[in-house]
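Have a look at the structure below before the remarks.
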Amino acid sequence: MAARHNDPILAYQFSVSVNYDPFGFIPFLIPIHGYFTEVSGLDVEYETAEYKSTNILGLPATNHVPMRPVYNPITLKRGITDSEGFWLWHQLLALGAKPLLKTYVSISMYDRSYTEIAQWSVESAWPSKITGPQIRSDSNDFVIEEMTLTHGGVMRMYMNPAFMLLDVAMQLLIP
């Protein structure tokens with residue numbers, strides 16, 4: 001039986017890097033990198049307000065106007081890393097270093113040949129929840145069963161240079 005090459009369950013894995021700061025304002029002293037098999041919550045929803053008016057004929061009309069964005073927490077599941085950085089990040093936040101440790105996080109998605117096919121940049125992220133695994137004696141990996149990141153915004157980074165230029169042009173044209 002031939003293997004399915006386009007099966008999304010078998011084809012993707014995600015990497016998460018916490019040493020990413022495009023502006024260089026917050027140098028994260030401990031670079032953290034891990035791999036996860038599932039990422040959810042990479043979405044943005046806008047609150048809407050209903051605006052009632054009349055049209056040119058005097059008939060009632062209703063418009064929905066976008067308001068501020070709402071960012072849901074990002075959940076990372078079944079992760080593995082070679083350092084204790086994620087746990088240390090969570091512990092430092094629990095000790096009261098919240099303003100200093102909100103940082104940029106880069107989430108990348110890879111295909112089966114480990115080629116990066118998508119990337120998201122998460123702004124002002126911090127781990128609001130971390131769950132450990134069932135511990136096994138035959139492994140020395142630092143495993144994370146689930147981690148939730150609360151954040152201040154998520155943006156899809158474009159891999160295609162044409163889309164990247166289009167995005168920059170739109171940001172310059174739209175105030």
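The values are calculated or read from the model by the stated rules, or taken from the named source; none is laboratory data. No experiment lies behind these values; they were computed from the predicted model shown. Every residue, glycine among them, receives a Cβ derived from its backbone with ideal geometry; neighbour counts consider all protein chains shown.
Of the residues in the range 152-168, how many are out of contact with any strand residue (DSSP E or B) (no Cβ under 7 Å at 6 or more places or on another chain), surrounded by 13 or more Cβ atoms within 10 Å (Cβ to Cβ) and of a type outside the set (Ser, Thr, Tyr)? Spell out how you get there, then give the answer.
In the first step, residues of the range 152-168 are kept if they are out of contact with any strand residue (DSSP E or B) (no Cβ under 7 Å at 6 or more places or on another chain); the result is 158, 160-168.
Narrowing the set further to residues that are surrounded by 13 or more Cβ atoms within 10 Å (Cβ to Cβ) leaves 158, 167.
From what is left, the residues that are of a type outside the set (Ser, Thr, Tyr) are 167.
Number satisfying all stated conditions: 1.
Residues checked against (1) at pLDDT 90 or above; (2) among the basic types (Lys, Arg); (3) in a strand (DSSP E or B):
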{"residue": "Leu10", "(1), (2), (3)": "no, no, no"}
{"residue": "Phe14", "(1), (2), (3)": "no, no, yes"}
{"residue": "Phe25", "(1), (2), (3)": "no, no, no"}
{"residue": "Ile30", "(1), (2), (3)": "no, no, no"}
{"residue": "Tyr35", "(1), (2), (3)": "no, no, yes"}
{"residue": "Val39", "(1), (2), (3)": "yes, no, yes"}
{"residue": "Leu42", "(1), (2), (3)": "yes, no, no"}
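If a residue must be of a type outside the set (Asp, Glu), more than 28 Å from Ser121 (Cβ to Cβ) and touching a strand residue (DSSP E or B) at 6+ places or on another chain (Cβ under 8 Å), how many such residues does the range 44-65 contain? Steps first, answer last, please.
Here is the first cut: in the range 44-65, the residues of a type outside the set (Asp, Glu) are 44, 46, 48-49, 51-65.
Subset that is more than 28 Å from Ser121 (Cβ to Cβ): 49, 51-64.
Filter again for touching a strand residue (DSSP E or B) at 6+ places or on another chain (Cβ under 8 Å), leaving 49, 51-55, 60-64.
Result for the range 44-65: 11.
Which condition does Val70 not pass, out of (1) within 16 Å of the chain's Cα centre (by Cα); (2) surrounded by 16 or more Cβ atoms within 10 Å (Cβ to Cβ); (3) of a type in the set (Val, Ile, Thr), if it passes all the others?
(2)
Of Thr48, Thr62, Thr75, which residue is surrounded by 11 or more Cβ atoms within 10 Å (Cβ to Cβ) and either without any contact (Cβ under 8 Å) to a residue 24 or more places away in the chain or assigned to a loop (DSSP other than H, G, I, E, B) (or both)? Reasoning before the result, please.
On the way: Thr62 fails: surrounded by 11 or more Cβ atoms within 10 Å (Cβ to Cβ); Thr75 fails: either without any contact (Cβ under 8 Å) to a residue 24 or more places away in the chain or assigned to a loop (DSSP other than H, G, I, E, B) (or both).
Criteria check complete, one pass: Thr48.
Which is modelled with pLDDT of 85 or more and over 22 Å from Glu45 (Cβ atoms), of Glu145, Glu123, Glu116, Glu84? Let's see the steps before the verdict.
Working: Glu145 fails: modelled with pLDDT of 85 or more; Glu123 fails: over 22 Å from Glu45 (Cβ atoms); Glu84 fails: modelled with pLDDT of 85 or more.
Exactly one of Glu145, Glu123, Glu116, Glu84 is modelled with pLDDT of 85 or more and over 22 Å from Glu45 (Cβ atoms), namely Glu116.
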